[in-house]
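Novice: Pasting a structure below so you can have a look.
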Amino acid sequence: MTLIGGFMYQFLDYFFVVFHFSLILFNLTGWIFHKTRRLHLYVITATIFSWVGLGIFYGWGYCPCTDWHWQIKYQLGETGLPASYIKYYLDAVTGISWDAFTVDVLTASLGIAAFLLSVWINLKDYVSQNN
């Protein structure tokens, strides 16, 4: 790997850490803020579609961000990465090896809850605007 290639992969690794964490945070909280509710509904719908729809072909819970990030980490020599970015992140932040099944259940539960809250609050906003 060249110096420039190594720098680019390092940059992309940091970029995906910030971007992916921000996306997860937005998926969990974007429905709360009036200005981001509609965008949140689109983003959380795309996320659920990825987990289920693309998951049919790539494995349940598939996330393109995780896939791209793992490709970068492989180029940087990191191996043994879990299927779940959230497990990876929780392990790294806490220093504890989290149970993959527990993390997957928690992730799916919170994702579905955020989706349902987003649908409900967007419908509520729509009805109040059209009355």
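Novice: Take the Cα pairs of the stretch 1-63, get the Kirkwood Rh, then feed it into Stokes-Einstein at 20 °C and 1.002 mPa s and tell me D in µm²/s. Could you put the intermediate results ahead of the total?
Specialist: Working: Rh = 13.5 Å.
Calculated translational D: 159 µm²/s.
Novice: When only alpha-carbon atoms count, how far does the chain stretch along each of its three principal axes, as whole angstroms with the largest first?
Specialist: Result, largest extent first: 61, 33, 31 Å.
Novice: Rg(Cα) of the stretch 60-118 divided by 2.2 N^0.38 Å?
Specialist: Numbers: Rg = 12.7 Å, N = 59, 2.2 N^0.38 = 10.4 Å.
For the stretch 60-118, the normalised Cα radius of gyration is 1.23.
Novice: With every protein chain left in place, what is the accessible area per residue of the chain in square angstrom, probe 1.4 Å? Before the final figure, lay out each step's value.
Specialist: Details: 8830 Å² over 131 residues.
That works out to 67 Å² per residue.
Novice: Taking R0 as 22 Å, what FRET efficiency do you get between PHE15 and ALA92 from their Cβ-Cβ distance, rounded to the nearest 0.05? Mind dumping the intermediate values first?
Specialist: Working: r = 17 Å, r/R0 = 0.75.
Step by step, r from the Cβ atoms, then E = 0.85.
Novice: With +1 on each Lys and Arg Cβ and -1 on each Asp and Glu Cβ, and nothing else charged, work out how big the dipole of the stretch 1-118 is about its Cα centre, in Debye to the nearest 20.
Specialist: Details: 5 positive and 6 negative charges, 99 e Å.
Taking the Cα centre of the stretch 1-118 as origin, the dipole is about 480 debye.
Novice: Taking the Cβ of TRP70 as the centre, find all other residues whose Cβ is under 11 Å away and add up their charges (Lys, Arg: +1; Asp, Glu: -1). All intermediate terms of the calculation are to be shown ahead of the outcome.
Specialist: Values: positive: LYS73; negative: ASP13, ASP67, GLU78.
Charge balance near TRP70 sits at -2.
Novice: Out of the total accessible area of the stretch 45-131 (probe 1.4 Å, heavy atoms of protein only), what percent is carbon and sulfur? Could the numbers behind the result be given before it?
Specialist: Working: 3800 of 5600 Å².
Reported share for carbon and sulfur atoms: 68 percent.
Novice: Could you state the number of Å between the C-alpha centres of the stretch 69-99 and the stretch 39-53?
Specialist: 22
Novice: So between VAL52 and SER109, what do we pick up on full extension, going 0.36 nm a residue minus the alpha carbon distance? All intermediate terms of the calculation are to be shown ahead of the outcome.
Specialist: Values: separation 57, 0.36 × 57 = 20.52 nm, distance 1.36 nm.
So the chain would gain 19.2 nm between VAL52 and SER109.
The values are calculated or read from the model by the stated rules, or taken from the named source; none is laboratory data. Every value quoted in this text rests on a predicted model; they were computed, and no experiment measured them. Don't worry about glycine lacking a Cβ; one is built from the backbone with ideal geometry, like all the others, and counts go over all protein chains shown. Just the protein is used for accessible areas: all its heavy atoms, side chains included, with ligands, DNA and RNA removed. Shrake-Rupley method; radii C 1.70, N 1.55, O 1.52, S 1.80 Å.
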